[in-house]
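The values are calculated or read from the model by the stated rules, or taken from the named source; none is laboratory data. Here the structure is a predicted model, which is why all the values come from computation and not from measurement. With ideal geometry, Cβ positions are generated from the backbone for all residues, glycine too; neighbour counts draw on all protein chains shown. To get the accessible areas, we keep the full protein, side chains included, count just its heavy atoms, and leave off ligands, DNA and RNA. Shrake-Rupley method; radii C 1.70, N 1.55, O 1.52, S 1.80 Å.
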Amino acid sequence: TANTDSNTLDDYEEGTFTATMTSTGATFSYSGGNSVTGYYTKIGNIVNIVMHFDSNATITGETGNTVSVQGLPFTSSIAASITTWDGPHAYNSSYPHLQGILSGTAIYFYSSGDTSWTDTRASYFDYDDHRLNICATYKA
């Protein structure tokens, strides 16, 4: 039969996961709280993820610490850079570009200033009408 050769797809999975935006000492409140439902497709050891943090972000507590998204569905086998699309910041040159580094089951955010990349602080996300869309592919 045709499905016994080496090209047969034998490791395919789709599902959802809970992604949580975190920063030490800060509490995020998005539409629906600080976590969202993410979606994934895993083919072999390649994982595709999609998640959307919706508008009306408010942050309480300490806003000077580094931000991450925790709870990815599979552990990354290598550290990988991902690109994000960050709502109004994408169209406003006064805000730095946002980049994510995927490590383990988390994404850590960095932003570019004029000359270098720095940890992204929670205060970066503290404004109304904020949308953070993340689409990434990584190796599990």
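Quick notes on this one:
- Subset of region 49-71 [over 12 Å from Ser23 (Cβ atoms), open to solvent by 60 Å² or more (accessible area, probe 1.4 Å) and modelled with pLDDT of 70 or more]: Val50, His52
- Only one entry of Asn34, Asn92 meets the criterion of being at pLDDT below 70 and either surrounded by 13 or more Cβ atoms within 10 Å (Cβ to Cβ) or of a type in the set (Gly, Ala, Ser) (or both), and that entry is Asn34.
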